[in-house]
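Asks: Please read through the structure below; I'll follow up with questions.
The values are calculated or read from the model by the stated rules, or taken from the named source; none is laboratory data. Only a predicted model underlies this, so the values are computations on that prediction, with no experimental measurement involved. For neighbour counting, all protein chains shown are included, and Cβ atoms are generated from backbone atoms with ideal geometry for every residue, glycine included. Heads up: the accessible areas ignore ligands, DNA and RNA and are worked out on the full protein's heavy atoms, side chains in. Shrake-Rupley method; radii C 1.70, N 1.55, O 1.52, S 1.80 Å.
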Amino acid sequence: VQLQASGGGLVQPGGSLRLSCTASGNIFNINAMGWYRQAPGKQREMVARIAPAGRTNYADSVKGRLTISWDTPKNTVYLQMNSLEPEDTAVYYCSADVMRRTYWGQGTQVTVSS
């Protein structure tokens, strides 16, 4: 499975961004997809995950502000990010779980700053 992420950038506090991640390759055995992030000096953390049936789970810090969705015909997962805060600044990685293996995209930088 190959994952191509896009959509990061610089945004002011309170602003919005939408990240996209398109999967290719052996996509038929994907069990779940997700978004993780890693800020400087911190460990990578889960932001949001989604299963093919649409079940989602979110980190407490992003509930109500970030929304994950999966366009299955396009093999693309989105992360709509609203009301962004400086604490959301990080490199965001998309992931795909296939059997017992997790695949990662290349990461996209999100910077929230005035």
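Asks: With a sphere of radius 11 Å drawn around the Cβ of THR22, what net charge do the other residues whose Cβ falls strictly inside it have (Lys, Arg +1; Asp, Glu -1)?
Replies: Values: positive: LYS74; negative: ASP71.
Surrounding charge for THR22 is 0.
Asks: Follow-up. How much area per residue is accessible in the chain when the probe is 1.4 Å and only protein heavy atoms are counted (Å²)?
Replies: Value for the chain: 55 Å² per residue.
Asks: What does the net charge come to around THR56 if you take all other residues with beta carbon closer than 11 Å to its beta carbon, with K and R at +1 and D and E at -1? Before the final figure, lay out the partial values.
Replies: On the way: positive: ARG49, ARG55, LYS63; negative: none.
Neighbour charge sum, excluding THR56 itself: +3.
Asks: What ³J(HN,Hα) values, in whole Hz, does the Karplus curve 6.51 cos²θ - 1.76 cosθ + 1.60 give for region 44-49 when θ = phi - 60°, with x put for Gly and Pro?
Replies: Values per residue, Gly and Pro as x: 5, 10, 6, 9, 7, 9 Hz.
Asks: Among PRO86, GLY8, MET99, flag the residue with its Cα farthest along the positive direction of the charge dipole of the chain, charges on Cβ as +1 for Lys/Arg and -1 for Asp/Glu.
Replies: Farthest towards the positive pole: MET99.
Asks: HN-Hα J couplings of region 95-100 from phi, Karplus 6.51/-1.76/1.60, θ = phi - 60°, integer Hz, Gly and Pro as x?
Replies: Result, rounded to whole Hz: 9, 9, 9, 10, 6, 10.
Asks: What FRET efficiency comes out for the pair ASN31/SER114, r = Cβ-Cβ distance, R0 = 41 Å, nearest 0.05?
Replies: 0.55
Asks: Debye calculation, C-alpha points only, no solvent: report log10 I(q)/I(0) for the chain at q = 0.12, 0.23 Å⁻¹, in the same order as the q values.
Replies: -0.37, -1.33
Asks: Another question about this same structure. Percent of accessible area on the chain owned by carbon and sulfur, 1.4 Å probe?
Replies: 47
Asks: Sticking with this one: Each residue of region 102-108 in turn: what ³J(HN,Hα) in whole Hz from Karplus with 6.51, -1.76, 1.60 and θ = phi - 60°, glycine and Pro shown as x?
Replies: Using θ = phi - 60°, the values come out as 10, 9, 10, x, 7, x, 9 Hz.
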